[in-house]
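The next block holds one structure in the form of C-alpha cells; read it before the comments.
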Amino acid sequence: VKAGQTIAVGCGSRGVANVGEAAKAVVEQLKALGAKPFIFPAMGSHGGGTAEAQAELLAGYGITEVKVGCPVRSSMETVELGRLPDGTPVYMDKHASEADGVVLINRIKPHTNFRAPIESGIVKMMTIGMGKILGATTLHYHGMDHFGELLPKVARLVMEKKNFLFGVGMVENANDQTALVECIPNEALFKREAELQATAKEMMARLFFD
C-alpha cells in the first residue's frame, strides 16, 4: 500500500459478525498509510441485484460513509478482465477495477452446497461477489458442483489482471461470534484460506455422538 493509491475495499451481504468494525479498522489503517480507500459491495446478485439495495444492505451492517470514514461506491457495472480456457468470461466491479489495489473482507466458512478445500470466503467473494450479478450468473451456469475447481481458477485470473493486496478473513465460532480475524496477503491466499476453512469447520456447532 502506497501513499496516494486508491484502494477498493469489498464487503459482502452475509451478516458477518463485526463486519462494520472490521471495515472501519481497515479503512483507518489504509488512510494512515496515505491511501485513499473506498468501500464497494462485493455481493454478486444479492440485494435484488440493484446498486441502491446493495448499498442499503451495507448500511444495515454499519458500513456507511459516515461510520467507516470513506466513500461507498455501489454500482452493478462491470468490466471483463479476460476469459478462462473454456471461454468463460470473468467480470469485476467497475469501480474496483479502476482502483490501484483491492482488499476484500469476508467470513471464511464451509459452504452449504458444495465441498472443496476452499468454499465460502475471500476467493468466493473475489470471483462471484466482485463479479456483481453478471459475474455471479455466469459462474453459476457451471453448477455449484464445479465451484471447488472453478473459483480458484477465476481468482487466479483476477489476481493476474488486478492488484489484489490482501483479504481479511473472519472466522466465527458455534455461537456466530468472531473467533479469529486474519489479514491474508495475496501470495498466501489459497493456502491460508483452506487452512482457515478447516479451522471454521472445527468451530461449527455439532452433535457430539455418531
> Within segment 146-171, restricting attention to residues that are open to solvent by less than 20 Å² (accessible area, probe 1.4 Å) and assigned to a strand (DSSP E or B), which residue is farthest from residue 103 (Cα to Cα)?
Replying inline: 171
> Residues in segment 121-132: is at least one surrounded by fewer than 23 Cβ atoms within 10 Å (Cβ to Cβ) and of a type in the set (D, E, K, R)?
Replying inline: no
>> Taking the criterion of being modelled with pLDDT of 95 or more and either in a strand (DSSP E or B) or farther than 23 Å from residue 126 by Cβ (or both), would at least one residue in segment 188-203 satisfy it?
In response: no
> Within segment 97-115, can you find the residues that are touching a Phe, Trp or Tyr at 6+ places or on another chain (Cβ under 6 Å) and either modelled with pLDDT under 95 or more than 16 Å from residue 129 (Cβ to Cβ) (or both)?
Replying inline: 114
> Which condition breaks for residue 61 when tested against (1) aromatic (Phe, Trp, Tyr); (2) open to solvent by less than 40 Å² (accessible area, probe 1.4 Å); (3) in contact (Cβ under 8 Å) with a residue 40 or more places away in the chain?
Replying inline: (2)
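Condition first: touching a Leu at 6+ places or on another chain (Cβ under 7 Å) and either assigned to a helix (DSSP H, G or I) or surrounded by fewer than 24 Cβ atoms within 10 Å (Cβ to Cβ) (or both). Now tell me which residues in segment 97-117 satisfy that.
Residues of segment 97-117 that are touching a Leu at 6+ places or on another chain (Cβ under 7 Å), as a first pass: 101-103, 108.
Passing the criteria: only 101.
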>> Every residue in segment 180-210 that is open to solvent by less than 60 Å² (accessible area, probe 1.4 Å), over 15 Å from the mean Cα position of the chain (by Cα) and within 19 Å of residue 162 (Cα to Cα), please.
In response: 188
> If you go through segment 81-92, how many residues are surrounded by 16 or more Cβ atoms within 10 Å (Cβ to Cβ) and either of a type in the set (S, T, N, Q) or farther than 16 Å from residue 160 by Cα (or both)?
Replying inline: 1
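Restricting to segment 118-143, give me the number of residues that are polar (S, T, N, Q) and touching a Leu at 6+ places or on another chain (Cβ under 7 Å).
1
Just one of 25, 53, 32 is open to solvent by 50 Å² or more (accessible area, probe 1.4 Å), of a type in the set (Gly, Ala, Ser) and over 15 Å from the mean Cα position of the chain (by Cα); which is it?
Numbers: 25 fails: open to solvent by 50 Å² or more (accessible area, probe 1.4 Å); 53 fails: open to solvent by 50 Å² or more (accessible area, probe 1.4 Å).
Residue meeting the stated conditions: 32.
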> What are the residue pairs meeting all of these: first residue in segment 11-36, first residue on the phi > 0 side of the Ramachandran plot, second residue hydrophobic (A, V, I, L, M, F, W, C) and not in a strand (DSSP E or B), Cβ atoms under 6 Å, and 6 or more apart or on different chains?
Replying inline: 34/3
> How many of the residues making up segment 32-52 are touching a strand residue (DSSP E or B) at 6+ places or on another chain (Cβ under 9 Å) and more than 16 Å from residue 101 (Cα to Cα)?
Replying inline: 3
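The values are calculated or read from the model by the stated rules, or taken from the named source; none is laboratory data. Nothing here was measured: the structure is a model prediction, and the numbers come from that model. Glycine gets a Cβ as well: all are built from the backbone with ideal geometry, and neighbour counts include every protein chain shown. Keep in mind that these areas ignore ligands, DNA and RNA; they rest on the heavy atoms of the full protein, side chains included. Shrake-Rupley method; radii C 1.70, N 1.55, O 1.52, S 1.80 Å.
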